[in-house]
Amino acid sequence: MQEVLKHTNTISEALRICLGKRFHFAAYRLPGKTDIDIIIQKDPELKALEDLSARLPIYGFLVAPFSRIDNKPYLIKPDILIHNSPASGQLEELNSLPGNHVSKDNRACPEDTDRTDYIKLIGETIGKIHSGEFEKVVLSRIKTVKGNFKRLPDVFNILCDTYPNAFVYLFCVNGQCWAGATPEPFICSRGNELITVSLAGTRPYRKEDLDIANWKIKELQEQDYVTLHIEKVLKHYAVHTYAKNGPYVTRAGNLLHLRTDFTFSSRSVGFRLPSLINALHPTPAVCGMSTGKAMDFIRNKEKHDRGFYTGFLGPVGLGDLIQFYVNLRCLQVFDNRLVLYVGGGITRDSIPEEEWEETEIKAETLLSVLQQIR
């Protein structure tokens, strides 16, 4: 027990130094693992990656936004790597480094999404779906709570303890700090294989709903949109041989989701992997169907900038080739406020009041953690 506490305390101390000196850094814990890694960039200049379709970064932690029209992806370089606990002299090295004079993120904290406004927008969206403009749109909303920058190491540690099967992270780039525990792999490598996932359809956890036969057609169809999108992309890239497992019910904290796994040879993609990643993102699980029209609708109708919410993030070239996850169940830090992002997929069979309640339940993933450190 003392070793576990020591491990947690030294990780927290490293994170506090990184936050205090405003380093560009990322801490993460992979699903089903106990190892914690911190990647720290010494250089105060963090360059945006203009084009991810040509080639992937070789080494570091990638953070990509929902929309590259509004925001840019970044790579945090691994000048300092901490694995599980700082090695001898690493805390001293961090303390000796000059702090980054990164300009503070001056964007105003977004306001909470009004329930009436959100339900009205869902009704408008359903009308557009019935008129044939698109088949599905994922609408997000904002929920804010009081909180501050200084407690982020505690948030990260509790997320790791509470959600062992999620990808848990804390990162800061250019004055922006985010933390989360996402249940959704985007695309990950495992040896000579690549794995991508269709994850859509949500219910509060109930034992009887572990049986997929109890799910509604609306939820099955929502999941099927994402599955069809992935299959279409794989076909376009001539990936004809893949293993498909699902749909099946999977649990993520207090929620259940429908999931289908796709596994295929990395050799079947080869040098086209960056282009494949671009083609997969954003999936209908976070945007909609058809993607282009849904994206335009979201950008015009949502009052907040999603930023890195519903983008993807993770390590590249550190152990496995890539471990990218969709950025869900996340929060962003503003002055004395923590902004939670939640959303849900809207189809022709959606019931607006039920969609609002689903986002309330999704917010509990983080709210239950924040309540432990107040």
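Tell me yes or no: at least one residue of the range 28-37 is at pLDDT below 90, crowded, with 17+ Cβ neighbours inside 10 Å and out of contact with any His (no Cβ under 6 Å at 6 or more places or on another chain).
No, the range 28-37 contains no residue that is at pLDDT below 90, crowded, with 17+ Cβ neighbours inside 10 Å and out of contact with any His (no Cβ under 6 Å at 6 or more places or on another chain).
Can you pull out the residues in the range 115-150 that are more than 30 Å from L220 (Cβ to Cβ) and touching a Lys or Arg at 6+ places or on another chain (Cβ under 9 Å)? Step through it out loud before you land on a result.
In the first step, residues of the range 115-150 are kept if they are more than 30 Å from L220 (Cβ to Cβ); the result is 144-150.
T144, V145, K146, G147, N148, K150, listed by residue number.
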TODO: Could you list all residues from the range 57-86 that are buried (at least 19 other Cβ atoms within 10 Å of the Cβ) and either in contact with a helix residue (DSSP H, G or I) (Cβ under 8 Å, 6 or more places away or on another chain) or under 15 Å from A27 (Cβ atoms) (or both)?
DONE: G60, F61, L62, V63, I76, P78, I80, I82, P86
Open item on the list: Checking I11 against (1) surrounded by fewer than 18 Cβ atoms within 10 Å (Cβ to Cβ); (2) closer than 26 Å to L328 by Cβ; (3) touching a helix residue (DSSP H, G or I) at 6+ places or on another chain (Cβ under 9 Å), only one condition comes out false. Which one?
Closed with: (1)
- [ ] Kindly indicate whether V316 is over 26 Å from I129 (Cα atoms) and either assigned to a strand (DSSP E or B) or of a type in the set (F, W, Y) (or both).
- [x] yes
Open item on the list: Any residue at all in the range 206-229 that's surrounded by fewer than 19 Cβ atoms within 10 Å (Cβ to Cβ), in a strand (DSSP E or B) and modelled with pLDDT under 95?
Closed with: no
- [ ] Could you give me the residue pairs with C-beta distances under 6 Å whose first residue belongs to the range 337-348 and is in contact (Cβ under 8 Å) with a residue 12 or more places away in the chain and in a strand (DSSP E or B), whose second residue is buried (at least 22 other Cβ atoms within 10 Å of the Cβ) and among the small types (G, A, S) wherever it lies, and which are 6+ apart or on separate chains?
- [x] G345/A200
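The values are calculated or read from the model by the stated rules, or taken from the named source; none is laboratory data. Quick caveat: nothing in here was measured; it's all calculated off a predicted structure. Heads up, the Cβs are rebuilt from the backbone with ideal geometry, glycines too, and the neighbour counts pull from every protein chain shown.
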